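The values are calculated or read from the model by the stated rules, or taken from the named source; none is laboratory data. Quick caveat: nothing in here was measured; it's all calculated off a predicted structure. Here the Cβ positions follow ideal geometry from the backbone for every residue, glycine too, while neighbour counts run over all protein chains shown.
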Amino acid sequence: MSEPSHPTRRGFLKGASALTFAFLTTGGVTLLPPAAKAQLTADGKINAWVTITPDNRMTIMFGPAEMGQGVNTALPMIVAEELDADWSSVSSEQVSSDPAGVYGNPNAGGILFAAGSSSLEGYFSHLRQAGAQARQILIEIAAAHWGVPVEEVTTRRGTISHAASGSSMLYGDVAALPKSTSPTGEMPEVELKPRTEWTIIGTDVERLDIPDKTTGKTVYSIDVELPGMVYGVELLPPVEGETPTLISDTAARAVDGVVDVIVMDHAVAVLAQSFTSAVAGRDALDVSWTETSPFRNANSADELIALAGAADDMSADAVVWGSRGSFPGNFNDSDMVTGRYTTEHVYHAQMEPLNAVVSVDADGMGAEIWLGTQSQTASIMVAAAVLRTTPDRIRFHAMQMGGAFGRRTVFAREQMRDALLLSRASGRPVKLVWTREDDVKNGWLRPATVHRLDAAVDAEGYPTALRHRVASPSVFQFAMPDRWNPETRRDPLVMEGSESSDYAFPAFQAEHVLVPRQSRLSPWRGIGWAPNCFARECFLDELAERAGIDPVNYRRRLLAGSPRALAVLNAAVEMADFGNAPKGRAHGLAFAGYKKTLATGVAEVSYEGEQLRVHRFWAAVDPGVVIHPQAYRAQVEGGVMFGLSSFLRERSTFTGGQIDQNNFYDYEPIRMSEIPEIEVRFVESGEAPSGGGEIGVPMTAPAIANALRALTGIAATHLPLAGGRA
C-alpha cells in the first residue's frame, strides 16, 4: 500500500467555527466610506455601489449572494431608482469580499450574508441612500462643469440637464469629467424620491441574470476549470463522527487518471484528472471505520416517539419563547382542548451538487477560492482559519448558486474546508465535488418536531388561553455553537412563528422542549415558521369546527386587531371564492407570517382514486413595498411548491445513524404534473419591503391539511402525509 498523505482538520475546526459567527454579533454596517463618497475615479466609480463608463453603461454592485432569488436585479433596482438611471443601461455585479465593511447586510451584523429572506428588508434604506448619493455626486460634477448652481440641475432617466441654459449630458459624459472633491453625506428623507415618482421600483423589468442562464453562459463554481486542477471526491463516514482506517488503496491508485489518495481524519479523498476517475478510485478503496459513534443508536422512528413523549411531559423543562396574558389556574384540567402535530426531517434537495474549487498558494498561507455560498464573509473567515492566515490572503470569488434553501449558509464550509486541505496537501488546484448520494447521506436536515397545542375556550368556542409546546432538538446548538447561549437556550430557527403575535389570544405561551439531536441539523426554507404555522393553523380549524363556526369568520375575530392580517385573509377568501369549491373538491385556508411578511393561502383539493390532488392554490401576500413583482411572485410560487412537496412525501429518515435515502429516486420531491395552478395577489400595506423567499412555505401545508379535513372529515396531523397518517 502506498504511503498516504495525512492532512488534518483537528485544531482548525474549533477556531474556524468561532470565526464563522463571531462577527455576526458585531455592530452595524458602513454605508459609504467618506473617500468612496467623495471620489470619482478614472474608471467611472461614482461611489462604492455605482460605476458609470463613458459609453453610459452603469454597473451596480449588490452584496448578498445570488442563488436564484433575484437579488441581482431587485437590489440594483433600488439604487437605480434613486440614481434616476436609465434601466436599459444597467448591469449588476455581485460583491465577493468586503474588507472595508461597505456592502454587508445591515440585518446580519454588517456581513455579506443572504438567508432568511433578509436582503430586501436589510438593504432597502441603505441602497436608496447609495443611489441618491451617487445622483447627487453626478449633479455636483455637472453643475461645476457648467458653472451653474447645483439647485438648478435636474436628472431624468440617465440624463442630467440645466433647463435655463439648455445644457444636458448623459451620465456617461459626466463620468468622464474631472472628479469631484466635495463629500456627499447621508441624504435627508425629504430629498429621496417620493413613491409617486418611482419609475423602476414596482415594475416588472426583466431579470438581469436570465439571458446568461438561458444560454448557458452563467458560470457556477462546478464549471470552473484551472490549469493543473485535479478533481476530488471523498469517501465519507457512514455515521457522523467516525474516523477511517485505510486498509488498501492499491486498487484505487490503479484506476486510470487517479493522482493521489489522501487520508483525512474524517474521510478518505481521491484526487484524479477527471471526476469519473475520482469516483471510480473511491469505489475501489478498502476502508474500515471506527464504528464508535453514539449516533449508531440513532433512529428517526424512535426520535419521533421521544419527541411526542417530551411534548406531552408537562414536567419536562421547557424554554418559554414568548408569552402574554395570564393563564387560568385550572388550565391543565381535563376539559382543555388538545391537538398534536408532527413534522419529519426534510433535506434541502438543491439542484447544484455541493462543490468548491480551491488553489492554495505555494507557501500554504493563502488561497484563491471559487464557491457558491450564502455568506462570502463567513467563507473567507473560515478559509483564513483553516490555513491559519489572515483574510487578506484569501482571494474569493462568489459564484451564483443552483439553489441553496439554507444548505449553503455556514454549511458550505465543509466542502471548502476539505478542498483547502486537499489543495495544500497535493500542491494542486482542487475541485471537490459531492455526488448527490454524498449530499443526501450527509445532509444537514430540518429538525423533526412534535407540537402539542392546548386551549381553554369560552362558551362561544374561542380560546381564552392557548399554549403551543414544540418538542425539537436545537438547530442553533449544533450548527452555530458559538452563538448558542446555554443559559437562555433560545433557538429562533426552531421557534420563530410560534409566537402567533397577530392573533388576539387573551393568554398565550409558546414553549420549546429541547431534546438531544439524532442527526445533523440546519435551517430549511421557511425555518421554524413552516412547522409552527402548520400546527397552529390546523389546530385553529379544529377549534372552529368544534365551535360550529366557519374557519374564515373564526379567524376574522381572532385577527381583528391586525389590519394587515385581516387584509390578506379577506383577499385570499375573495380570490378563491372560499367555500364554493367545485363538486368533489374542498377548500382549506391558513394564515401565516414570515417575520414582517403576512399571507393567507387557500388550497383546493380532491381525491383522484386514492391520490390526493391539489388543483389550485391562491396566495394573498402583504410584503410591504414590492420591489420586483415578477421575482417576488416567483418566490412565493416556489415556496408553495416546497410546502406542497413537504406535505405530500418529502422526508429524510435514518436507521442506525445512517440516512436511508440515496438520491431523487427515493427522496422524491413533487413532479411537475403535481404542481397546482397558483395565483398570487399582492396586498400592499405601504410598509417597508420584506422578503418573499420563505412565506410560501408556512401557509401551504396547513391550507392543504385544512382542505383535506373539509373534504374527508379527517384531520392531517403528520407531515409528510405519506409518512404519517391523516
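Collect the residues in the stretch 469-495 that are part of a loop (DSSP other than H, G, I, E, B), among the charged types (D, E, K, R) and crowded, with 21+ Cβ neighbours inside 10 Å, keeping them in residue-number order.
Filtering the stretch 469-495 down to residues part of a loop (DSSP other than H, G, I, E, B) leaves 473-474, 480, 484-491.
Filter once more, keeping what is among the charged types (D, E, K, R): 487, 489-491.
Correct list: Asp491 only.
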Where Val90 falls short, out of the listed (1) modelled with pLDDT of 95 or more; (2) β-branched (Val, Ile, Thr); (3) surrounded by fewer than 22 Cβ atoms within 10 Å (Cβ to Cβ): (3)
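Does the stretch 138-180 hold any residues that are under 14 Å from Asp86 (Cβ atoms) and either touching a Gly at 6+ places or on another chain (Cβ under 9 Å) or not assigned by TED's automatic domain parsing to the domain that holds Glu81 (or both), and which are they? Break it down stepwise before answering.
Our first condition is that a residue be under 14 Å from Asp86 (Cβ atoms); within the stretch 138-180, this holds for 138, 155-161, 168-175.
Across the stretch 138-180, the qualifying residues are Gly158, Leu170, Tyr171, Gly172, Ala175.
Quick check on Val573: is it crowded, with 18+ Cβ neighbours inside 10 Å, of a type in the set (Val, Ile, Thr) and more than 28 Å from the chain's Cα centre (by Cα)?
Numbers: crowded, with 18+ Cβ neighbours inside 10 Å: yes; of a type in the set (Val, Ile, Thr): yes; more than 28 Å from the chain's Cα centre (by Cα): yes.
Taking the combined requirement at face value, the residue satisfies it.
Counting residues that are under 19 Å from Glu93 (Cβ atoms), which strands (runs of 3 or more DSSP E) fully inside the stretch 121-236 reach at least 1?
On the way: elements: 153-156, 159-162, 167-170, 230-235.
The strands (runs of 3 or more DSSP E) meeting that bar number zero.
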Residues located in the stretch 440-458, provided they are surrounded by fewer than 22 Cβ atoms within 10 Å (Cβ to Cβ) and either touching a Pro at 6+ places or on another chain (Cβ under 8 Å) or touching a residue at least 24 places away in the same chain (Cβ under 8 Å) (or both): Val440, Lys441, Asn442, Asp454, Ala456, Val457
Subset of the stretch 498-508 (residues that are of a type outside the set (Asp, Glu), closer than 13 Å to Arg536 by Cα and touching a strand residue (DSSP E or B) at 6+ places or on another chain (Cβ under 7 Å)): Ser498, Ser500, Phe505, Phe508
Output for the stretch 55-66, where each listed residue is in contact with a strand residue (DSSP E or B) (Cβ under 9 Å, 6 or more places away or on another chain), at negative phi and outside any strand (DSSP E or B): Arg57, Gly63, Pro64, Ala65, Glu66
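What number of residues within the stretch 311-345 satisfy the criterion of being over 17 Å from His451 (Cα atoms) and surrounded by 15 or more Cβ atoms within 10 Å (Cβ to Cβ)? Talk me through it step by step, then tell me what you get.
Step one: list which residues in the stretch 311-345 are over 17 Å from His451 (Cα atoms), which gives 324-331, 333-335.
Now narrow it down to the ones that are surrounded by 15 or more Cβ atoms within 10 Å (Cβ to Cβ): 327, 331.
Number of matching residues: 2.
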Leading residue by the ranking (farthest from Thr409 (Cα to Cα)) among those in the stretch 113-130 that are buried (at least 24 other Cβ atoms within 10 Å of the Cβ) and touching a strand residue (DSSP E or B) at 6+ places or on another chain (Cβ under 8 Å): Ala130
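Between Ala269, Ala254, which is of a type in the set (A, V, I, L, M, F, W, C) and within 31 Å of the chain's Cα centre (by Cα)? Walk me through it before giving the result.
On the way: Ala254 fails: within 31 Å of the chain's Cα centre (by Cα).
Step by step, each of Ala269, Ala254 is checked, and only Ala269 is of a type in the set (A, V, I, L, M, F, W, C) and within 31 Å of the chain's Cα centre (by Cα).
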Any chance Val515 is out of contact with any His (no Cβ under 6 Å at 6 or more places or on another chain) and in contact (Cβ under 8 Å) with a residue 60 or more places away in the chain: yes
